[in-house]
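Input: a single structure, listed below in structure tokens.
The values are calculated or read from the model by the stated rules, or taken from the named source; none is laboratory data. In this text the structure is predicted, and so the values were computed from the model without any measurement. Reconstructed Cβ throughout: ideal geometry from the backbone, glycine too, with neighbour counts over all protein chains shown.
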Amino acid sequence: MSETYELKQLETDVLAILAQHTDYRTIIDHVKPHLQKLLLNDHLIPGEYQAPLPTKYAQYLLYKSANEAFSVIAFIWGAGQVAPVHDHLVWGLVGLYRGAVVEKRYRREDHGEAAEPRYTIREVSEVTAKQGDISFVYPPDYDIHGVANPFNEVAITVHIYGTDIGKQPRHIHDVATGDSRDVVTKHDNASPIYS
């Protein structure tokens, strides 16, 4: 039986990657195999953090490096729960730990300073992600998506971002109007589950 891949080892591995690379896509390509190993850890998320909140998806900070160069977050999606269309403004990976979600990808199309609206958000793809699948985000072209759990069972996604995403200023996008608003999506726990 193989050893469980732990968060301390992930920190060593990710910080080594970040010391060698600055290109977002290269970072994602190198971090992805480590997220694949992490998703196999059946004890990664304590049971008390696996139930959805009644009104929105839960966002629990599992771990972050001391320098906040990256963080690991668990999102718990109840049946029918949706995240609005949003960006991240940093690299990130999303792995399916349990269940399934639907991810819609969008691209921002700028029309110029004088245009009204200045930009539109256009859907470019949709995928149903299942346990073990990994997606990614990074600006500027692969950064906007929306996630939903239209299924009857709880879904859990594990995310690795190139910052503490619970402090990261970013945007929610209105696909119909092209408007956006600033947002910071804070974690639902005050401190990391693991330190």
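Conditions (1) at pLDDT 95 or above; (2) of a type in the set (Val, Ile, Thr), marked per residue:
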position: Ala74; (1), (2): yes, no
position: Asp87; (1), (2): yes, no
position: Ala114; (1), (2): no, no
position: Thr120; (1), (2): no, yes
position: Asp141; (1), (2): no, no
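Candidates are the residues of the range 129-152 that are farther than 24 Å from His34 by Cβ and of a type in the set (Gly, Ala, Ser); the one that is surrounded by the fewest Cβ atoms within 10 Å (Cβ to Cβ) is Ala148.
Sort out which residues of the range 35-72 are free of Cβ contacts under 8 Å to residues at least 60 places away in the same chain and either buried (at least 16 other Cβ atoms within 10 Å of the Cβ) or not basic (Lys, Arg) (or both), and write them in order of number. Quick ask: steps written out before the conclusion?
Going through the range 35-72, the residues free of Cβ contacts under 8 Å to residues at least 60 places away in the same chain turn out to be 37, 40-43, 47-48, 54-56, 65-67.
Selection gives Lys37, Leu40, Asn41, Asp42, His43, Gly47, Glu48, Pro54, Thr55, Ser65, Ala66, Asn67.
Report whether or not Tyr97 is touching a Lys or Arg at 6+ places or on another chain (Cβ under 7 Å) and either of a type outside the set (S, T, N, Q) or in a strand (DSSP E or B) (or both).
Details: touching a Lys or Arg at 6+ places or on another chain (Cβ under 7 Å): no; either of a type outside the set (S, T, N, Q) or in a strand (DSSP E or B) (or both): yes.
No; evaluated as a whole, the condition is false for this residue.
Going through the range 112-125 one residue at a time, which ones are in a strand (DSSP E or B) and surrounded by 11 or more Cβ atoms within 10 Å (Cβ to Cβ)?
Of the range 112-125, the ones in a strand (DSSP E or B) are 119-125.
Answer for the range 112-125, where residues must be in a strand (DSSP E or B) and surrounded by 11 or more Cβ atoms within 10 Å (Cβ to Cβ): Tyr119, Thr120, Ile121, Arg122, Glu123, Val124.
Quick check on Glu109: is it part of a strand (DSSP E or B) and surrounded by fewer than 19 Cβ atoms within 10 Å (Cβ to Cβ)? Spelling it out, Glu109 is indeed part of a strand (DSSP E or B) and surrounded by fewer than 19 Cβ atoms within 10 Å (Cβ to Cβ). Screening Phe136 against (1) closer than 27 Å to Ile45 by Cα; (2) out of contact with any helix residue (DSSP H, G or I) (no Cβ under 8 Å at 6 or more places or on another chain) leaves a single unmet condition, (2).
Residues considered: Glu113, Glu123. Of these, the only one that is closer than 29 Å to Gly80 by Cβ and of a type in the set (D, E, K, R) is Glu123.
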